[in-house]
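Participant: The structure's right below; bear with me while I get my questions together.
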Amino acid sequence: MMRQLLPRCAPRASAFVAPRRASPLGLFQAARQYSISPEAASETKLQDIDPSQLVIQKTSAPKPLKKSEDLVFGRNFTDHMLTIEWNKTTGWQKPHITPYQNLSLDPATCVFHYAFECFEGMKAYKDKAGQIRLFRPDKNMERFNKSSARIALPNFSSTAMIDLIAQFTKLESRFIPEERGYSLYLRPTMIGTQKTLGVGPPGSALLFVIASPVGPYYPTGFKAISLEATDYAVRAWPGGVGDKKLGANYAPCIVPQREAMSRGFQQNLWLFGEEEFVTEVGTMNFFVAIKNKQTGQNELITAPLDGTILEGVTRDSVLSLARERLAPQGWNIVERKYTMQELDEAASEGRLVEAFGAGTAAIVSPVRSISWKGKMVHCGLKDHEESGEIATKMKNWIEARQYGDDAHEWSYVC
């Protein structure tokens, strides 16, 4: 057996020193700028999150519930919040559930100056029996750890964090409407809290979870949207952090979105490079269904996880369901690079069947057309249609598992 040539998380300085008897593959792996291991930011093993130490302080002033039809995404919040502090000396402190309240942070706190912040977006659902369910929380915690590691924030046990989120969600269960299409949106967030203007790994951090009851993403019904292909601004680039869920990725997208909206389009379709590779739509992953020009076979295509694409939980769910249910019907499920020119050609030849975004908030978002270089690329929908067959099936299939109608390991009962 070949001995290990480098430690798992070798310091950057040693990454460019060829060890004795190093193979070319070993040198390539050692020269990578960042470890793909979520433990990259952890130098020593400190106290991990311990759910058994949870301290609960219930509010003395419960909020009145809003009518389900009056809920606006991300505007109303529940009675409590979950908080866990961390410091570099001892690790994670006791978790607390407290009444929802403001945070008190020094103006020099590093999150304000250097964007030490990452987050997750996930939902809790109430099934027909009144049980509370989380959808694939293991995937969210896996990505949360990858995001925090990339910006030198601490990692944690995914199992412990899921346990705490489940307890927090059950405490707030009265805020989850029972109607289909409604849920409790959960926002786990981690910030660096060290008071310093020096640039370096934060010596302290805060992980907190807040929750917001939400209704259907499209309150007036499932509606197809129009996009503007955007090449004058770039969402992500190779070697960057577009594959991590960092707050710093989102604010720069607002101005291009406002510009697209001023021209009558709901969102941006982010293109990359001279080739104009299709990447994501707004803050969602993007899928297209086309007929292969050479074979005539139906294909469901999305961009690959090359470091510029967010590892969407819904993206993974769509791909898994497609391989499970569409592939046996003759569909080819493909993760590859493709260009806007390719989509335009497929549309002009009648081979572009449909297109849709995929994300936690909407599950799927059908696309009617894409504005590109002064022309409108139509994405297969007829004038009276708001969704294609695949997008509709995906929405129904995923919802069935979210609400427990389709018993599956993706649904975690709190």
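The values are calculated or read from the model by the stated rules, or taken from the named source; none is laboratory data. Note that the structure is a prediction, hence the values are computed from the model and not measured. Counting neighbours? That spans all protein chains shown, and the Cβs are built from the backbone with ideal geometry, glycine included.
Participant: Has region 365-378 got any residue that is free of Cβ contacts under 8 Å to residues at least 24 places away in the same chain and either assigned by TED's automatic domain parsing to the domain that holds GLU275 or touching a Ser or Thr at 6+ places or on another chain (Cβ under 6 Å) (or both)?
Facilitator: Among the residues of region 365-378, at least one is free of Cβ contacts under 8 Å to residues at least 24 places away in the same chain and either assigned by TED's automatic domain parsing to the domain that holds GLU275 or touching a Ser or Thr at 6+ places or on another chain (Cβ under 6 Å) (or both), which makes the answer yes.
Participant: Given the condition loosely packed, with under 15 Cβ neighbours inside 10 Å and on the phi > 0 side of the Ramachandran plot, answer yes or no: does some residue in region 367-374 qualify?
Facilitator: Looking only at region 367-374, we keep the residues that are loosely packed, with under 15 Cβ neighbours inside 10 Å, and these are 373-374.
From the residues that got through so far, the ones that are on the phi > 0 side of the Ramachandran plot too are 373-374.
Within region 367-374 (the criterion being loosely packed, with under 15 Cβ neighbours inside 10 Å and on the phi > 0 side of the Ramachandran plot), the answer is yes, since at least one residue qualifies.
Participant: When you check LEU105 against the structure, is it of a type outside the set (Val, Ile, Thr), surrounded by 15 or more Cβ atoms within 10 Å (Cβ to Cβ) and either touching a helix residue (DSSP H, G or I) at 6+ places or on another chain (Cβ under 8 Å) or modelled with pLDDT under 95 (or both), yes or no?
Facilitator: It is false that LEU105 is of a type outside the set (Val, Ile, Thr), surrounded by 15 or more Cβ atoms within 10 Å (Cβ to Cβ) and either touching a helix residue (DSSP H, G or I) at 6+ places or on another chain (Cβ under 8 Å) or modelled with pLDDT under 95 (or both).
Participant: In addition: Any residue at all in region 48-61 that is on the phi < 0 side of the Ramachandran plot, at pLDDT below 95 and surrounded by fewer than 14 Cβ atoms within 10 Å (Cβ to Cβ)?
Facilitator: No, there is no match, as no residue in region 48-61 is on the phi < 0 side of the Ramachandran plot, at pLDDT below 95 and surrounded by fewer than 14 Cβ atoms within 10 Å (Cβ to Cβ).
Participant: Something else: Return the residue satisfying two criteria in turn: it lies in region 95-125 and is without any contact (Cβ under 8 Å) to a residue 60 or more places away in the chain and not in a loop (DSSP other than H, G, I, E, B), and of such residues it is nearest to the chain's Cα centre (by Cα).
Facilitator: PHE112
Participant: Checking ARG133 against (1) within 22 Å of ASP50 (Cβ to Cβ); (2) buried (at least 23 other Cβ atoms within 10 Å of the Cβ): exactly one of these is not met. Which one?
Facilitator: Of (1) within 22 Å of ASP50 (Cβ to Cβ); (2) buried (at least 23 other Cβ atoms within 10 Å of the Cβ), only one is false for ARG133: (1).
Participant: Looking only at region 317-328, how many residues end up being surrounded by fewer than 16 Cβ atoms within 10 Å (Cβ to Cβ) and touching a residue at least 24 places away in the same chain (Cβ under 8 Å)? Walk me through it before giving the result.
Facilitator: Step one: list which residues in region 317-328 are surrounded by fewer than 16 Cβ atoms within 10 Å (Cβ to Cβ), which gives 320, 323-325, 327-328.
From what's left, touching a residue at least 24 places away in the same chain (Cβ under 8 Å): 325.
Selection size over region 317-328: 1.
Participant: Can you name the number of the only condition in (1) touching a strand residue (DSSP E or B) at 6+ places or on another chain (Cβ under 9 Å); (2) under 28 Å from THR295 (Cα atoms); (3) surrounded by fewer than 18 Cβ atoms within 10 Å (Cβ to Cβ) that GLU386 fails?
Facilitator: Going through (1) touching a strand residue (DSSP E or B) at 6+ places or on another chain (Cβ under 9 Å); (2) under 28 Å from THR295 (Cα atoms); (3) surrounded by fewer than 18 Cβ atoms within 10 Å (Cβ to Cβ) one by one, GLU386 breaks only (2).
Participant: SER365: over 27 Å from ARG180 (Cβ atoms), in contact with a Phe, Trp or Tyr (Cβ under 8 Å, 6 or more places away or on another chain) and either at pLDDT 95 or above or in a loop (DSSP other than H, G, I, E, B) (or both), yes or no?
Facilitator: no
Participant: Determine whether GLU349 is at pLDDT 95 or above, under 28 Å from GLU399 (Cβ atoms), of a type in the set (Asp, Glu) and assigned by TED's automatic domain parsing to the domain that holds ALA391.
Facilitator: Numbers: at pLDDT 95 or above: yes; under 28 Å from GLU399 (Cβ atoms): no; of a type in the set (Asp, Glu): yes; assigned by TED's automatic domain parsing to the domain that holds ALA391: yes.
When the stated conditions are applied, GLU349 does not pass them.
Participant: Let me ask you something else. If you check ASN155 against the conditions, is it in contact (Cβ under 8 Å) with a residue 12 or more places away in the chain, within 18 Å of the chain's Cα centre (by Cα), crowded, with 18+ Cβ neighbours inside 10 Å and part of a loop (DSSP other than H, G, I, E, B)?
Facilitator: For ASN155, the condition - in contact (Cβ under 8 Å) with a residue 12 or more places away in the chain, within 18 Å of the chain's Cα centre (by Cα), crowded, with 18+ Cβ neighbours inside 10 Å and part of a loop (DSSP other than H, G, I, E, B) - is met.
Participant: If you don't mind, there's one more thing I want to ask. Scan region 344-360 for residues that are over 25 Å from the mean Cα position of the chain (by Cα), farther than 18 Å from ASP383 by Cβ and surrounded by 22 or more Cβ atoms within 10 Å (Cβ to Cβ) and report the count.
Facilitator: Qualifying residue count for the region: 1.
Participant: Regarding region 235-257, can at least one residue be identified that is touching a Pro at 6+ places or on another chain (Cβ under 7 Å), of a type outside the set (A, V, I, L, M), touching a residue at least 24 places away in the same chain (Cβ under 8 Å) and in the same structural domain as GLU354 (by TED's automatic domain parsing)? Break it down stepwise before answering.
Facilitator: From region 235-257, those touching a Pro at 6+ places or on another chain (Cβ under 7 Å) are none; that's our starting set.
No, that holds for no residue.
Participant: Using the structure shown, decide if THR189 is closer than 18 Å to GLU85 by Cα, in contact (Cβ under 8 Å) with a residue 60 or more places away in the chain and in contact with a helix residue (DSSP H, G or I) (Cβ under 8 Å, 6 or more places away or on another chain).
Facilitator: no
Participant: Kindly indicate whether MET261 is in the same structural domain as ARG401 (by TED's automatic domain parsing) and buried (at least 20 other Cβ atoms within 10 Å of the Cβ). Spell out how you get there, then give the answer.
Facilitator: Working: in the same structural domain as ARG401 (by TED's automatic domain parsing): yes; buried (at least 20 other Cβ atoms within 10 Å of the Cβ): no.
No: the conditions fail for MET261.
Participant: Moving on. Tell me which residues, restricted to region 279-315, are surrounded by fewer than 17 Cβ atoms within 10 Å (Cβ to Cβ), touching a residue at least 60 places away in the same chain (Cβ under 8 Å) and farther than 16 Å from LEU352 by Cβ.
Facilitator: LEU305, ASP306, GLY307, GLU311
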